[in-house]
C-alpha cells in the first residue's frame, strides 16, 4: 500500500496547499470577484497589495505541484485496469500545467503593468490597461480558466468513473466527484460571457464547484491512505 499512501498524502498536501493561498486572496484581493472588475480597478488594487500579494499568487500557482506526482502515480496504478486512465492522466497533467502558467502571470507580468498604470502618464496608463486585458484574457480566461479547468474536470470525471467501477470508495464519494465536476463545468458560462455578454451566467458555479472539488480531493486523499488498489 506504499504507493496508495503516497498518492493520498500528495492529494491532501495539494488540496491544503491550494486552499490556503486561495483563502488569503479572497481576503486581501477580493478574489475571484476582482477578475471581472474594470481594468483600472484591478491594477490599482493589485499595486496596493504589494509584495505580499505577489508572493501569495506565486504560492497559489506553485503549491499545486504535488498534484502532478499524484496524477501520475494514480494513473500508473489504474491504467492497466482501465484504458481511459492514460488519457485522464495526460489531460490532468496538461490542465495543471496551463493553470500554473496562467496563475504565474500575476507574479511576473501583472506587477509590471500595475506599476506602469500607477506611475505612468495617460498614454502609459491606457497601454497598460490594453496589455493587461490581452494577458488576462489569454493567460487567465483561455489557459487557466478554460483549458485548465476543462481538463481538470475531464480528469475528475474519468478517475471518479474508475473508482466507481473498482468499488473502493463509498457511493457518496463517487457522487461528490460527479456533482462537483458538473457544477464546476457550469462556471464556463462566465468565461463565454467575457465575449458574449448576453449569455446566461451561473454566477456561483466557479466558487461552489472548485470548493466541492477541493473537498472531494481531500476526501479521496484521506481514503487513499487506507485503501489498497489490487
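The values are calculated or read from the model by the stated rules, or taken from the named source; none is laboratory data. Here the structure is a predicted model, which means the values were calculated and not measured. Glycine gets a Cβ as well: all are built from the backbone with ideal geometry, and neighbour counts include every protein chain shown.
Odds and ends about this structure:
- Helices (runs of 4 or more DSSP H) enclosed by the stretch 59-161 - at least 1 residues per element that are in contact with a helix residue (DSSP H, G or I) (Cβ under 9 Å, 6 or more places away or on another chain) and under 23 Å from residue 174 (Cα atoms): 66-78, 85-103
- Of all residues making up the stretch 195-218, the number that are touching a helix residue (DSSP H, G or I) at 6+ places or on another chain (Cβ under 6 Å), free of Cβ contacts under 8 Å to residues at least 60 places away in the same chain and either over 30 Å from residue 37 (Cβ atoms) or part of a loop (DSSP other than H, G, I, E, B) (or both): 3
- Every residue from the stretch 30-54 that is within 17 Å of the chain's Cα centre (by Cα) and either outside any helix (DSSP H, G or I) or free of Cβ contacts under 8 Å to residues at least 24 places away in the same chain (or both): 30, 31, 32, 33, 34
- Note on the stretch 162-192: residues that are in a loop (DSSP other than H, G, I, E, B) and closer than 17 Å to residue 208 by Cβ total 1.
- Residue satisfying all of: in the stretch 162-177; free of Cβ contacts under 8 Å to residues at least 60 places away in the same chain and crowded, with 16+ Cβ neighbours inside 10 Å; nearest to the chain's Cα centre (by Cα) among these: 177
- Of the residues screened, residue 148 is not one that is at pLDDT below 95 and within 15 Å of the chain's Cα centre (by Cα).
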